[in-house]
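I have placed the structure first, in the form of structure tokens, so that the comments after it can refer back to it.
The values are calculated or read from the model by the stated rules, or taken from the named source; none is laboratory data. Keep in mind the model is a prediction, meaning the values are calculated, not measured. Here the Cβ is made from the backbone with ideal geometry for all residues, glycine too, and neighbour counts use every protein chain on show.
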Amino acid sequence: MKFPERFSNLPAHAWPRLRALLDVHAPGGDVINMTIGEPKHSFPAWVTQVISDNAAGFNSYPPNEGSDALRGAIAGWIKRRYGVDVDAASQIMALNGTREGLYNAAMALCPETKNGQQPVVLTPNPFYQVYMVAAISVQAEPVYVPATRETGHLPDFAALPAEILDRTTIAYVCSPANPQGAVADETYWRRLIELAEKHDFQIFADECYSEIYRDTAPKGAIEVASAMGADPERVLIFHSLSKRSNLPGLRSGFVAGGPESIRRIQQLRNYAGAPLPLPLQAAAAAVWADEDHVIENRRLYAEKFDLADRILGNVAGYRSPEAGFFLWLPVPDGEAAALKLWQDTGVRVLPGSYLSQDVHGENPGAGYIRVALVAPKEDTQRGLETIRDCLFQ
């Protein structure tokens, strides 16, 4: 039997690589896991009651595109957050987590060719690995665009050659950025949308960290596109309750965009998707409608941002994140630093190179470690002090 070659040479996923690096060694102290971005703050206590009250919905197949109540709640949130009116019925689809949407949107929308050539999918580098695998799955050429200190930790797509941009069908952007915490401002979005209009590609805006910020709410891609009067099909936004509401296990997210794009993604979902059960959709609708728990969540992260600034602020190259909940700490060698931390102290972090791709012999994540600030404040403080004492004294 012959299997597709395009998946045979995928780089190992970050987590198996991390286990292979660390787990053959004993930890050097009490384990503090600062690797995965899995929120540990409490989710709203009333969520379980909503699920219980709607438990009869487990007896029914859920609607493929999301219940009217859920899509209506999402449309209401988009209006409150970004000041943009979207039609709940034609411009929103509920997702079983945004990873599904980020992948399936490429499957549904990327053409087989562009201008008679192999299409290109642009991704920042470092990146969330589903972007790369989506590109490979649609047999596009993934082009990894550096998101480094020199570019403000956001990809400079305009610096690419015209022949690449003319073949581009999709550009993935993560803002606030995972792992660096950089935020795309209005000027960045405006220039990118203008570039997409000029070269006729779509922007997939991964905004899952949009509600974890310090002072100013990040601008949204749909907000800027609407103000510009851009083609409604030009920008798709992807959001989730995982980070906003500390509900990664609920697997509730959404994609919003132009009606034709949403129609095509829904059509693929009819055959290849798994809609969220109705009781969970009811809970998600209630959560999108509530902001009090989000404000409290942000306050808890702000305390940990301040801790990081105080503990690591004197480290050469330290950059306080604008948003999100990761630190992107510069070190001489990310793998060596992660291994030393584990063996000497029991603190577990992720080498930055595991989130990046080598391009022309360079890996933009090689000189970093990613540190997640998701643990309780006391554990976070202990972990940050241990990192400082082990790596930066």
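Give the number of residues within the range 58-72 that are within 28 Å of Tyr301 (Cβ to Cβ) and either in the same structural domain as Gly334 (by TED's automatic domain parsing) or surrounded by fewer than 17 Cβ atoms within 10 Å (Cβ to Cβ) (or both).
0
Ile265 fails exactly one of the following numbered conditions: (1) surrounded by fewer than 20 Cβ atoms within 10 Å (Cβ to Cβ); (2) β-branched (Val, Ile, Thr); (3) under 28 Å from Cys110 (Cβ atoms). What is the number of that condition?
Result: Ile265 fails condition (1) only.
Filter the range 59-83 for residues that are in contact with a helix residue (DSSP H, G or I) (Cβ under 6 Å, 6 or more places away or on another chain) and aromatic (Phe, Trp, Tyr) and give the result.
Trp77, Tyr82
Looking at (1) within 26 Å of Leu280 (Cβ to Cβ); (2) in contact (Cβ under 8 Å) with a residue 12 or more places away in the chain, find the lone condition where Gln49 falls short.
Going through the list (1) within 26 Å of Leu280 (Cβ to Cβ); (2) in contact (Cβ under 8 Å) with a residue 12 or more places away in the chain, Gln49 breaks only (2).
Inside the range 348-359, can you point out the residues that are surrounded by fewer than 22 Cβ atoms within 10 Å (Cβ to Cβ) and in a strand (DSSP E or B)?
Correct list: Arg348, Val359.
Just checking, which of Leu165, Leu102, Leu154 is in contact (Cβ under 8 Å) with a residue 60 or more places away in the chain, on the phi < 0 side of the Ramachandran plot and outside the structural domain of Ile369 (by TED's automatic domain parsing)?
Values: Leu165 fails: in contact (Cβ under 8 Å) with a residue 60 or more places away in the chain; Leu154 fails: in contact (Cβ under 8 Å) with a residue 60 or more places away in the chain.
The unique qualifying residue is Leu102.
If you go through the range 162-182 one residue at a time, do you hit one that is modelled with pLDDT under 95 and farther than 18 Å from Tyr103 by Cβ? Steps first, answer last, please.
Step one: filter the range 162-182 for residues modelled with pLDDT under 95, giving none.
The answer is no; no qualifying residue exists.
Please go through the range 30-41 and give me each residue that is assigned to a loop (DSSP other than H, G, I, E, B) and either within 16 Å of Glu291 (Cβ to Cβ) or in contact with a Gly (Cβ under 8 Å, 6 or more places away or on another chain) (or both), ordered by number.
Pass one, the range 30-41, residues assigned to a loop (DSSP other than H, G, I, E, B): 30-31, 34-41.
Across the range 30-41, the qualifying residues are Asp30, Val31, Met34, His41.
What helices (runs of 4 or more DSSP H) completely inside the range 107-201 contain at least 1 residues that are of a type in the set (D, E, K, R), touching a helix residue (DSSP H, G or I) at 6+ places or on another chain (Cβ under 7 Å) and surrounded by fewer than 20 Cβ atoms within 10 Å (Cβ to Cβ)?
Numbers: elements: 130-137, 162-165, 186-199.
So the answer is 186-199.
Filtering the range 5-29 down to residues that are closer than 26 Å to Tyr144 by Cβ and part of a loop (DSSP other than H, G, I, E, B), which residue is modelled with the highest pLDDT?
Looking at the filtered set, the residue picked out is His13.
Look at Val224 and say whether it is under 20 Å from the mean Cα position of the chain (by Cα), surrounded by 20 or more Cβ atoms within 10 Å (Cβ to Cβ), in contact (Cβ under 8 Å) with a residue 12 or more places away in the chain and over 30 Å from Gly57 (Cβ atoms). Spell out the reasoning first.
Values: under 20 Å from the mean Cα position of the chain (by Cα): yes; surrounded by 20 or more Cβ atoms within 10 Å (Cβ to Cβ): yes; in contact (Cβ under 8 Å) with a residue 12 or more places away in the chain: yes; over 30 Å from Gly57 (Cβ atoms): yes.
Yes; evaluated as a whole, the condition is true for this residue.
Suppose we keep only residues that are assigned to a strand (DSSP E or B) and under 20 Å from the mean Cα position of the chain (by Cα) within the range 360-379. Which one would you say is surrounded by the fewest Cβ atoms within 10 Å (Cβ to Cβ)? Spell out how you get there, then give the answer.
Initially, the range 360-379 is screened for residues assigned to a strand (DSSP E or B), giving 362, 368-372.
Cutting the leftovers down to under 20 Å from the mean Cα position of the chain (by Cα) gives us 368-372.
Working: Tyr368: 27, Ile369: 28, Arg370: 26, Val371: 25, Ala372: 23.
The residue in question is Ala372.
Of the numbered conditions (1) of a type outside the set (Ser, Thr, Tyr); (2) surrounded by 14 or more Cβ atoms within 10 Å (Cβ to Cβ); (3) farther than 30 Å from Leu341 by Cα, Ala55 satisfies every one except a single condition; which is it?
(2)
Restricting the range 202-212 to residues that are part of a loop (DSSP other than H, G, I, E, B) and touching a residue at least 60 places away in the same chain (Cβ under 8 Å), which is farthest from Asn297 (Cα to Cα)? Give the steps one after another, and end with the answer.
The first filter runs over the range 202-212 and keeps only residues part of a loop (DSSP other than H, G, I, E, B), leaving 207-212.
The next check asks that each one be touching a residue at least 60 places away in the same chain (Cβ under 8 Å); those that pass are 208-212.
On the way: Cys208: 14, Tyr209: 12, Ser210: 13, Glu211: 9, Ile212: 8 Å.
Here the residue is Cys208.
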